[in-house]
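I have placed the structure first, in the form of structure tokens, so that the comments after it can refer back to it.
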Amino acid sequence: MFEFSQYLGFLLFLTVLTIGFWLMFFLVGFVSYWIGGATWEAYKEKRAKKKQQQQSV
């Protein structure tokens, strides 16, 4: 039916597929966290700049 080398190839394929899935899962989470943090920081800077301009006028 199956030879041992085919079984090892199938296990290697599953290992690579699983590692790729979890890497993608991690990177999607990390990148969305990074973009969200950068957006929040830009918003806080704009808000602080606007508040500073209102105080100086």
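Measuring nothing but protein heavy atoms, the accessible surface of the chain at 1.4 Å probe radius is 72 percent carbon and sulfur. If R0 is 30 Å, the Cβ-Cβ spacing of residue 52 and residue 31 corresponds to a FRET efficiency of close to 0.40. What do you get for the angle between helix 4-56 and the principal long axis of the chain? Use alpha-carbon atoms, 0 to 90 degrees, nearest ten. Taking the Cα atoms of the chain, the angle to 4-56 is about 0 degrees. Rolling a 1.4 Å probe across the protein heavy atoms gives the chain an accessible surface of 103 Å² per residue. The alpha carbon convex hull volume per residue for the chain rounds to 35 Å³.
The values are calculated or read from the model by the stated rules, or taken from the named source; none is laboratory data. Keep in mind that what you see is a predicted model, and the values were worked out from it rather than measured. When we count neighbours, we look across all protein chains shown, and the Cβ atoms used for this are built from the backbone with ideal geometry, even at glycine. The protein model used for the area step is the full one, side chains on, heavy atoms only, and it has no ligands, DNA or RNA in it. Shrake-Rupley method; radii C 1.70, N 1.55, O 1.52, S 1.80 Å.
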